[in-house]
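These notes are about the structure you will find just below.
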Amino acid sequence: MKFIEELQWRNLIKDVTNLEGLKAQLKEPTRLYCGFDPTATSLHIGHLQQLILLKRYQKEGHQPLALIGGGTGMIGDPRPTTERQLLNDTQLQENVAGIAQQIESILTSDNNPVQVINNYTWLKDLTVLDFLRDYGKFFSVGNMIAKDTVASRLETGISFTEFSYTLLQAIDFNHLYQDYGVKVQIGGSDQWGNLVSGTDLIRKIHGHEASVFGVTSPLITKADGTKFGKSEGQNIWLDSKLTSPYAFYQFFINTSDDDIMNFTKRLSLKSKEEILEIEKAFLEAPHLRLAQKELAKEMTILVHGEKGLELSLNLTDAFFSGDIQNLSLDQIEMLFEGSEGFELSESMPLVDLLVEAKIAPSKREARQLISNNAIRLNGELMDDSDHIVNQERAIEGKVTVIRRGKKSYHVINHVN
């Protein structure tokens, strides 16, 4: 299967400025780029589709460039509803550095590494007069207003700052075309207007013989129409300090059966044949969650490496087996991140604690649970109703984990 046809099979192509021209261009090694806004110190899994798309081109022998918007990030791509909060210089520098490191890690290659570029290096020297004279004259206000990102904001209001964003992104494409020989820009479907602005500007400056292309891919959404990339309303970050490898792994493990093959086609670097085999096995026994496990494994290795996967698998095994006694405090916190804990400031009989922490509705039922071997403390089976829970026996003197039954866990935080 040819490269573009495979991307179409994976539902990774939505709009193309010139599909046949793009196919001809990609017959030879081509430089392409994708832009990333430095709105945080880390990218999140909503960015994975574009990162992996760059990697797909990279594996085909094309040269990927990742453009970080250190300059455009001072303005921000217009949101559908309200103005973005502007970042200060220190925040931007931290964000650019963090994102650059992640991109280089994911697009690592011995003979075809990604080139990470910051558009601040050329936009910082652009004067207002140069901006208006050299670029502004090529843009029709009518066409700019008609773009979806602007049109959706006309009633609620949009500043000239955000209105001008598409011009700056077009300037980026023109600069990369002139100075780096970039011929293709890729992005999500919400970036179509900006991509077209770039290709139009290049042709107006360099002539219609300039061979450049814009390609978008559909944004990933869940089967129910909700946004991909969040868990309980929180972003799943690529930075392990913001989202642990275990939480990252569990996001994919918990993908619904309705979504998993769509996500796999879009994100997995496995071949079409391998994916069809996974799909066949998954449909025959969906309860085994083979597809979820395969994608979770692949994505975790891609973002967090083999060690990240090993940690995730160990914590998963510990959770289902209940053998948590050998876990460190950091691993315990990772395993139960987001769980509501109960604070214990002094020693307390186990029976009383079960009631106070709302693990059991009454002391009578608490004793019954203990006698039925249904309570474990830090992995150890409890058979003594008079057992005292204290800080000395806590994991690293900080946490006691109570397990009721097979899957009900409760975190007790010991406080002074």
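The values are calculated or read from the model by the stated rules, or taken from the named source; none is laboratory data. Computed from a predicted structure; not experimentally measured. Ideal geometry is used to build each Cβ from the backbone, glycine not excepted, and the neighbour counts take in all protein chains shown. Note: areas computed on protein heavy atoms with side chains; ligands, DNA, RNA excluded. Shrake-Rupley method; radii C 1.70, N 1.55, O 1.52, S 1.80 Å.
Observations
- Residue within the range 349-372 that is within 37 Å of the chain's Cα centre (by Cα) and among the hydroxyl-bearing types (S, T, Y) present: no
- The residue that is nearest to L335 (Cα to Cα), counting only those in the range 396-416 that are among the basic types (K, R) and open to solvent by 50 Å² or more (accessible area, probe 1.4 Å), is K407.
- Filtering the range 351-365 for residues that are of a type in the set (S, T, N, Q), surrounded by fewer than 17 Cβ atoms within 10 Å (Cβ to Cβ) and under 30 Å from Q102 (Cβ atoms) leaves an empty set.
- Residue satisfying condition, being over 22 Å from the mean Cα position of the chain (by Cα), at pLDDT 95 or above and outside any helix (DSSP H, G or I), within set E83, E28: E28
- Every condition in (1) closer than 23 Å to C34 by Cα; (2) out of contact with any helix residue (DSSP H, G or I) (no Cβ under 6 Å at 6 or more places or on another chain) is met by F173 except one, and the failing one is (2).
- Test: residue in the range 150-163 that is buried (at least 19 other Cβ atoms within 10 Å of the Cβ), free of Cβ contacts under 8 Å to residues at least 60 places away in the same chain and under 21 Å from L86 (Cα atoms): no
- Near pairs, Cβ below 6 angstrom, 6+ apart or cross-chain, from the range 36-55 (closer than 18 Å to Q169 by Cα) to any residue that is of a type in the set (A, V, I, L, M, F, W, C) and open to solvent by 20 Å² or more (accessible area, probe 1.4 Å): P38/V96
- Residue in the range 368-376 that is in a loop (DSSP other than H, G, I, E, B), open to solvent by 20 Å² or more (accessible area, probe 1.4 Å) and aliphatic (A, V, I, L, M) present: yes
- Count of the range 179-217 residues which are within 16 Å of F36 (Cα to Cα), crowded, with 21+ Cβ neighbours inside 10 Å and among the hydrophobic types (A, V, I, L, M, F, W, C): 4
- Any pair with Cβ under 9 angstrom, 6 or more apart, that starts in the range 306-329 at a residue that is more than 17 Å from Y409 (Cα to Cα) and ends at one that is open to solvent by 40 Å² or more (accessible area, probe 1.4 Å) and among the aliphatic types (A, V, I, L, M): G308/I301; L309/I301; L311/M334
- Remark: pairs (first residue in the range 96-110, crowded, with 19+ Cβ neighbours inside 10 Å; second residue at pLDDT 95 or above and charged (D, E, K, R); Cβ separation under 6 Å; 6+ apart in sequence or on different chains) = L107/K55.
- Candidates in the range 37-48 are the residues that are outside any loop (DSSP other than H, G, I, E, B) and open to solvent by less than 10 Å² (accessible area, probe 1.4 Å); of these, the one that is farthest from N11 (Cα to Cα) is I45.
- Test: residue in the range 304-319 that is in contact with a strand residue (DSSP E or B) (Cβ under 9 Å, 6 or more places away or on another chain) and open to solvent by 40 Å² or more (accessible area, probe 1.4 Å): yes
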